[in-house]
1. For region 1-86, give me every one of the strands (runs of 3 or more DSSP E) that falls completely inside it and has 1 or more residues that are open to solvent by less than 20 Å² (accessible area, probe 1.4 Å) and free of Cβ contacts under 8 Å to residues at least 60 places away in the same chain.
2. Could you list all residues from region 270-285 that are buried (at least 24 other Cβ atoms within 10 Å of the Cβ), over 14 Å from Thr297 (Cβ atoms) and within 16 Å of the ligand (Cβ to nearest atom)?
3. When Val301 is evaluated against the numbered criteria (1) closer than 23 Å to Ser243 by Cα; (2) hydrophobic (A, V, I, L, M, F, W, C); (3) surrounded by 18 or more Cβ atoms within 10 Å (Cβ to Cβ), which criterion, by number, is the only one it fails?
4. Looking at Ser248, Ser233, Ser263, which is the one that is touching a strand residue (DSSP E or B) at 6+ places or on another chain (Cβ under 6 Å), open to solvent by 10 Å² or more (accessible area, probe 1.4 Å) and within 19 Å of Gly88 (Cα to Cα)?
5. Of the numbered conditions (1) part of a helix (DSSP H, G or I); (2) over 23 Å from Glu17 (Cβ atoms); (3) open to solvent by 50 Å² or more (accessible area, probe 1.4 Å); (4) in contact with a strand residue (DSSP E or B) (Cβ under 7 Å, 6 or more places away or on another chain), Ala103 satisfies every one except a single condition; which is it?
6. Restricting to region 224-265, count the residues that are in contact with a His (Cβ under 7 Å, 6 or more places away or on another chain) and either away from the ligand (no atom under 16 Å from the Cβ) or not assigned by TED's automatic domain parsing to the domain that holds Asp210 (or both).
7. When you look at Ala98, is it in contact with a Lys or Arg (Cβ under 7 Å, 6 or more places away or on another chain) and away from the ligand (no atom under 11 Å from the Cβ), yes or no?
8. So in region 140-196, with the set limited to residues that are aliphatic (A, V, I, L, M) and farther than 23 Å from Glu120 by Cα, which one is surrounded by the fewest Cβ atoms within 10 Å (Cβ to Cβ)?
Amino acid sequence: MKSVTTSAPGKFVILGEHAVVYGKPAIALAMNMRFTMRAHRSNEFKINGAPANPHNMSPHMRYLSELHGNMPMSIFIDGRVPSGSGLGSSAALSAAYAAAVRALKQLPTDKESIARDSFEAEYAAQGRGSPMDTSASAQGGGIALNVPYKEEDFLWHIEKNGRAWDISKIDVPEMTFVIGNTEIRAPTGPLVEKVRKYKESNSFARSIVDEIGEVTLDGLEAIKKNDKVKLGSLMTYDHKLLSILGVSCPQLNKLVEASLPYSYGAKLTGSGGGGCMVALTDQPEKVAEAIRLHGGTPYIVSTGVPGVQVKS
Ligand code: MEV
């Protein structure tokens, strides 16, 4: 194969972030922000026409290159998932890149292989984490981790360092979500580490992690019944639990508060510490305006988008 075009979406988390790292349930949706990558074999590594070096190649891409024999290639990256903002930017980049390397090497490019490769890359780069973001990006649509599922919805099982996740697809009825970006960049690794330390030293923190798992299971039932009132109130409650774990920040709290008068519920999404919040609403324009007025950048997102795509 001479050249290939791949793409993969970002995601947001409805419920369960951080607790999912410890094998608790979580629910994530792929959304309409994605990276597109055009790639071909080359004599040297190039990214957007410039020779690739440690400064312009992410650790995820370096890991994936090494995993597949360091074949030099020239890639052009297009599209955007804001980085360090809880929207699964590094997972989407990893999935698109894993798909490109695999396609050019004529290896299988099924979603599961790409989800596994990109999880390994994300784990190596962050030193920790769950396969939520990478599986959501590879699969698209909606996914849940470690929840009861019907056999036909099972996608794949991933294990790492004594933790295990069963990943299944879920149907999510038509719902409108608005993301609010604080524009404060906060890398995932240190926030996951902060929760790990808190949880290890404190039984109250452990009970909060358990409670997030319970809230997520209730949220899944609310999604199945299309009960937005219930789902929204669980999201707002989850935000409080995540705040107790120490992963919110004043600007996230401000955007959540500003959204609530026009929403069923709102919470931080992803690793927190900055980054984004998400609101479930029937009044997206009003939520977007409230977010803007409080210093955030709103995106009215669509869901139900395809996962990783490969075109030669
Ligand atoms: C980041 O989007 C979600 C976290 O739960 C980390 C992870 O699952 O790897 C905070």
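1. Values: elements: 3-15, 26-41, 73-79.
Ranges flagged: 73-79.
2. Residues satisfying the conditions are Gly270, Ser271, Gly272.
3. The one condition Val301 does not meet is (1).
4. On the way: Ser233 fails: within 19 Å of Gly88 (Cα to Cα); Ser263 fails: within 19 Å of Gly88 (Cα to Cα).
The unique qualifying residue is Ser248.
5. (3)
6. 4
7. On the way: in contact with a Lys or Arg (Cβ under 7 Å, 6 or more places away or on another chain): no; away from the ligand (no atom under 11 Å from the Cβ): yes.
Criteria not met by Ala98.
8. The initial filter retains those residues of region 140-196 that are aliphatic (A, V, I, L, M), namely 143-145, 147, 155, 158, 164, 167, 170, 172, 175, 178-179, 184, 186, 191-192, 195.
Next, from what is left, pick out any that are farther than 23 Å from Glu120 by Cα: 170, 172, 175, 178-179, 184.
Values: Ile170: 18, Val172: 20, Met175: 18, Val178: 26, Ile179: 29, Ile184: 16.
Checked region 140-196; the qualifying residue surrounded by the fewest Cβ atoms within 10 Å (Cβ to Cβ) is Ile184.
The values are calculated or read from the model by the stated rules, or taken from the named source; none is laboratory data. For clarity, every value in this text was computed on a predicted model and none was experimentally measured. Positions of Cβ are generated from backbone atoms using ideal geometry, with glycine treated the same way; all protein chains shown enter the neighbour counts. Protein only, heavy atoms only, side chains kept; ligands, DNA and RNA dropped before computing areas. Shrake-Rupley method; radii C 1.70, N 1.55, O 1.52, S 1.80 Å.
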